[in-house]
Each structure stands twice: as C-alpha cells, then as structure tokens.
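Student: My questions will all concern the structure given below.
The values are calculated or read from the model by the stated rules, or taken from the named source; none is laboratory data. These numbers come from a predicted model, not from an experiment. When we count neighbours, we look across all protein chains shown, and the Cβ atoms used for this are built from the backbone with ideal geometry, even at glycine. Surface areas here come from the heavy atoms of the whole protein model, side chains and all, with no ligands, DNA or RNA. Shrake-Rupley method; radii C 1.70, N 1.55, O 1.52, S 1.80 Å.
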Amino acid sequence: MIILIGGEKGGTGKTTLATNLAALRKSSGRDVLLVDTDIQGSASYWAAARDDRGGVPRVSCIQKFGKGLQAEIQDLATRYDDVIIDAGGRDSVELRAGLVVAEKAFIPIQPSQFDLWTLERMDGLVETGRGFNPNLDAFVLICRSSPNPVVAESAEAREAIAEFDHLGLASSIIRDRIAFRRAVREGLSVLEVSPADHKARAEIQSLCSEVFNERQSEIEQQAAG
Ligand SMILES: Nc1ncnc2c1ncn2[C@@H]1O[C@H](COP(=O)(O)OP(=O)(O)O)[C@@H](O)[C@H]1O
Ligand SMILES: [Mg+2]
C-alpha cells in the first residue's frame, strides 16, 4: 500500500508520523520503504540514526525529489509491501506526485494551524490528485494537540472540514508528547523508546491500524476463515 503523509505546513509532525509508521510496519514483518521527499532530509537522518544504533529492525529509506518521482514510486511499490512517503517542504511537486500515486493521504494539522486557508489549499490539491487517482482517500489528522484538551477538537475539526468535498477527518488523534520527540531524534519509534509512554504508543498504534485498515483486514480474514 502506498501512503502519503503530506501537507504544506512545516512542523506539523509529518516526519514523526512517517517514521513511526514505517518502524511499526517493519516490526510487524512488512517490507517497508520510507520515501523522503523533503530536501531537509529529516526522515533520512532518522533512518541513518536507526542504522547506527542497531538492535532494531532496519527501515529502508531513500531520498527522492522532482519530476520522475511518480513513476519511481510506482516502480518501487512493486517491490515493497508498504511505501510511506514523507512529503514535507514548501515545494509541492513532491506532494502532488504523492497524491497521484497514494492510496491514502494523511495531512497532519496542529489545532493552532487549523485554518481555512490550509484546508482550502489541501482540498484543491487533493481534487487535482483525484483527477489522476480517483480512488485517493485523503484525511486531515489532528496532530500535536494538547495532551490535556480543553476544547472539543474533533468536533470543531469535523465542522471545519465538512465544507470541503475532498477531505475527511482521521479518527485517530496524535497529541504532543515528549516520547515522539525523543523517538525521532534517536532513530526509533515510540514503541521502541524508553521510558515507555503508553499513551503515545496507543496513539500511534491506533493511527497505524487506521492507516493500514488493520482492523478491517482482520475482520475480513475472520470472515473468510
Ligand atoms: N506528537 C508530537 N509530540 C511532540 N513533539 C512532536 C510531535 N510531532 C512532532 N513533534 C516535534 O515537532 C517538530 C516537527 O516535527 P516533524 O515531524 O519534523 O514535522 P514536519 O515533518 O511536519 O515538519 C520536531 O521537533 C518533532 O520532534
Ligand atoms: Mg518533515
């Protein structure tokens, strides 16, 4: 499955989520490729740090930019179970390419950055992507929200995105937790970092299930068997 973690804003948690999801899928035995399309290379640094430390399953990561990206990813997807694209950066050539090849796109947004302008831009980009990729599903994901929410974020977010035709809202929420920061810095996932943060673990596991339809496929397998 090709998954895009993208968006035009920096600092929303794209690389944190892409690296965590890659590590989780790898640990569950999948052949995973992380595609770093951000010139800043944070996902590549994470993968290199992971290689250096050892003792955890290796995650393959490549850096790719520019025009040939779409064809390249489609080719790579035939050789991996999962391809996770981290599409950061301001230039949206990579983001657009990702939207054309992905089955699902997740767009992390911090509640503080949850403005109409961002959603409008994303809605337009997803619409364009769907012109080439009609089955694309795109979800806004509330990320880095306060661990002690005082407002009904999901209700507000749902209301805000209801106006847009091409965006859904992910049911998982990722909160701002030190464990996420530490994990990325150390080349780990929040499941591998110590001390363990059980809330961070639960959040990323929930997201992983949602992204890869794990519950869905479990149900299908049970029905089939
Ligand atoms: N859920 C989170 N909790 C705490 N810190 C986070 C979380 N997600 C991201 N961060 C931190 O925020 C900064 C930006 O995150 P990053 O994943 O690099 O964002 P992006 O790739 O969207 O620019 C990093 O310092 C990262 O450690
Ligand atoms: Mg990034």
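Student: Wholly within the stretch 1-100, which helices (runs of 4 or more DSSP H) include no fewer than the required count, namely at least 2 residues that are under 26 Å from Arg144 (Cβ atoms), within 16 Å of ligand 2 (Cβ to nearest atom) and hydroxyl-bearing (Ser, Thr, Tyr)? Outline the logic, then answer.
Tutor: Values: elements: 14-27, 42-53, 69-77.
Qualifying helices (runs of 4 or more DSSP H): 14-27, 42-53.
Student: OK, next. Please work out which one of (1) within 16 Å of ligand 2 (Cβ to nearest atom); (2) open to solvent by 20 Å² or more (accessible area, probe 1.4 Å); (3) of a type outside the set (Lys, Arg) is the condition Asn148 fails and give its number.
Tutor: Going through (1) within 16 Å of ligand 2 (Cβ to nearest atom); (2) open to solvent by 20 Å² or more (accessible area, probe 1.4 Å); (3) of a type outside the set (Lys, Arg) one by one, Asn148 breaks only (1).
Student: Check whether at least one residue in the stretch 72-85 is of a type outside the set (S, T, N, Q) and closer than 16 Å to Glu8 by Cβ, and report yes or no.
Tutor: Quick first cut of the stretch 72-85, residues of a type outside the set (S, T, N, Q) only: 72-73, 75-77, 79-85.
Those still in the list that are closer than 16 Å to Glu8 by Cβ too: 85.
Yes, the conditions are met somewhere in the stretch 72-85.
Student: Within the stretch 176-191, can you find the residues that are open to solvent by 40 Å² or more (accessible area, probe 1.4 Å) and in contact with a helix residue (DSSP H, G or I) (Cβ under 7 Å, 6 or more places away or on another chain)? Walk me through how you get there before you give the answer.
Tutor: Our first condition is that a residue be open to solvent by 40 Å² or more (accessible area, probe 1.4 Å); within the stretch 176-191, this holds for 176, 178, 181-182, 185-186, 191.
Of everything in the stretch 176-191, those that are open to solvent by 40 Å² or more (accessible area, probe 1.4 Å) and in contact with a helix residue (DSSP H, G or I) (Cβ under 7 Å, 6 or more places away or on another chain) turn out to be Glu186, Leu191.
Student: If a residue has to be of a type in the set (A, V, I, L, M, F, W, C), touching a Lys or Arg at 6+ places or on another chain (Cβ under 9 Å) and free of Cβ contacts under 8 Å to residues at least 40 places away in the same chain to count, how many in the stretch 143-176 make the cut? Spell out the reasoning first.
Tutor: So in the stretch 143-176, the residues of a type in the set (A, V, I, L, M, F, W, C) come out as 143, 150-152, 155, 157, 160-162, 164, 167, 169-170, 173-174.
Next, from what is left, pick out any that are touching a Lys or Arg at 6+ places or on another chain (Cβ under 9 Å): 143, 169, 174.
The next check asks that each one be free of Cβ contacts under 8 Å to residues at least 40 places away in the same chain; those that pass are 169.
So the count comes out to 1.
Student: Of all residues in the stretch 158-175, which are within 16 Å of ligand 1 (Cβ to nearest atom) and open to solvent by less than 20 Å² (accessible area, probe 1.4 Å)?
Tutor: Applying the first criterion (within 16 Å of ligand 1 (Cβ to nearest atom)) to the stretch 158-175 yields 170, 172-175.
Once the filter is applied, which keeps residues that are within 16 Å of ligand 1 (Cβ to nearest atom) and open to solvent by less than 20 Å² (accessible area, probe 1.4 Å), the stretch 158-175 yields Ala170, Ser172, Ile174.
Student: While we're on this one: Can you confirm whether the stretch 44-63 contains a residue that is open to solvent by less than 30 Å² (accessible area, probe 1.4 Å) and under 21 Å from Leu125 (Cβ atoms)?
Tutor: no
Student: Hey, could you check the stretch 70-96 for residues that are more than 16 Å from ligand 1 (Cβ to nearest atom) and open to solvent by less than 10 Å² (accessible area, probe 1.4 Å) and say which is farthest from Leu17 (Cα to Cα)? Walk me through it before giving the result.
Tutor: From the stretch 70-96, those more than 16 Å from ligand 1 (Cβ to nearest atom) are 70-83, 93, 96; that's our starting set.
Remaining after also requiring open to solvent by less than 10 Å² (accessible area, probe 1.4 Å): 73, 82-83.
Working: Ile73: 19, Asp82: 15, Val83: 13 Å.
Going through the qualifying residues, I end up with Ile73.
Student: While we're here: With a cut-off of at least 1 residues that are at pLDDT 95 or above, aromatic (Phe, Trp, Tyr) and under 28 Å from Asp115 (Cβ atoms), name the helices (runs of 4 or more DSSP H) lying wholly within the stretch 136-221.
Tutor: Here the list reads 178-186.
Student: Further question on the same structure: Give the residues of the stretch 36-56 that are near ligand 1 (Cβ under 10 Å from one of its atoms), small (Gly, Ala, Ser) and free of Cβ contacts under 8 Å to residues at least 60 places away in the same chain, sorted by residue number.
Tutor: If the condition is that a residue be near ligand 1 (Cβ under 10 Å from one of its atoms), small (Gly, Ala, Ser) and free of Cβ contacts under 8 Å to residues at least 60 places away in the same chain, then Ala43 is the only one that fits.
Student: Of the residues Leu4, Leu24, Leu33, which single one is within 18 Å of Phe106 (Cβ to Cβ), open to solvent by 10 Å² or more (accessible area, probe 1.4 Å), more than 9 Å from ligand 1 (Cβ to nearest atom) and out of contact with any His (no Cβ under 6 Å at 6 or more places or on another chain)? Can you show your working first?
Tutor: Details: Leu4 fails: open to solvent by 10 Å² or more (accessible area, probe 1.4 Å); Leu33 fails: open to solvent by 10 Å² or more (accessible area, probe 1.4 Å).
Selected residue: Leu24, the only one of Leu4, Leu24, Leu33 that is within 18 Å of Phe106 (Cβ to Cβ), open to solvent by 10 Å² or more (accessible area, probe 1.4 Å), more than 9 Å from ligand 1 (Cβ to nearest atom) and out of contact with any His (no Cβ under 6 Å at 6 or more places or on another chain).
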